[in-house]
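To start, the structure itself, in structure tokens.
Every number here is computed from the coordinates shown, using simple stated rules; none is lab data. Because the structure is a prediction, the values reported are computed rather than measured. Positions of Cβ are generated from backbone atoms using ideal geometry, with glycine treated the same way; all protein chains shown enter the neighbour counts.
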Amino acid sequence: MTGETAYWDSQAPTFDEQPDHGLRDPRVRDAWLRLLLGRLPAAPAAVADLGCGTGSLSVLLAEAGYAVTGLDSAPAMISAARAKARAARVSPRFVTSDAAAPDLPPASFDAVLARHVLWAMPDVDAALGEWIRLLRPGGTLLLAEGHWHTGAGLPGAAASAAVLRHRAEAVVTPLDDPDLWGGPIQDERYLLVSAR
């Protein structure tokens, strides 16, 4: 187990305490659902949720009728995601694998979703190449990212430039709605969508 995997395993028990992680607040949950449904292909499209953590978005999308595969490198996160799916009585598939090189078949997904994952990749371009490889022709890439007040993260301009090295489109929309985060934010958060 790598140090990074051990770190995320240790975070699993408290990960959902953040409003946007656990989606326990109905207002936050509804805000994420509206955001994603407005940009994803129609259900029952196949969606890969890379770096899915405890599976909140995977479960949310499975409840909306999507065929979801959630992937995370931390076994404790995957265990929590499976428990969450059982409690919700949905059956997304969960895989333990590194998001930098996902162990998923190529050209198998209508959409690839990653929330707060790209910024943590050791090689952003290599990761994007792997993620795009998973898409069927005409598939959609959705990246919810940010550049946080701590200095961590990836500015929207940098994420856009990286995606444009691989695809013809990168539409960046600010995510400054407090309902998405459980309160007001002071840093840069955005959704990048690339449909071609």
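Inter-label distance, A6 to A168: 4.8 nm, where each label sits 7 Å from its Cα along the C-beta direction. Can you quote the Å³ per residue value for the convex hull of the Cα atoms in the chain, rounded to an integer? For the chain, the hull spanned by Cα atoms encloses 107 Å³ per residue.
In the calculated pair-distance distribution of region 1-54, the portion above 19 angstrom amounts to 44 percent of the Cα-Cα pairs. Computed from the Cβ-Cβ distance with R0 of 22 Å, the FRET efficiency linking D177 to A42 stands at 0.45. Note on region 1-101: Cα-Cα pairs beyond 24 Å make up 17% of the total pair count.
The simple spin-label model puts a point 7 Å past each Cα toward its Cβ; for S91 and R24 those points are separated by 2.9 nm.
Its relative contact order, with pairs defined as Cα atoms under 8 Å and 6+ residues apart, puts region 70-125 at 36 percent. Working from Cα pairs under 8 Å separated by at least six residues, relative contact order for the chain is 19 percent. Antiparallel beta bridges, as assigned by DSSP with both residues in the chain, represent about 40 percent of the total such bridges.
The distance from the alpha carbon centre of region 59-93 to that of region 1-35 is 12 Å, rounded to a whole number. Counting only Cβ charges, +1 for Lys and Arg and -1 for Asp and Glu, the dipole size of the chain around its Cα centre is about 660 debye. For region 66-176, the convex hull spanned by the alpha carbon atoms encloses 126 Å³ per residue. Here region 1-72 is assigned +1 on the Cβ of each Lys and Arg and -1 on the Cβ of each Asp and Glu. Its dipole about the Cα centre then comes out at about 360 debye.
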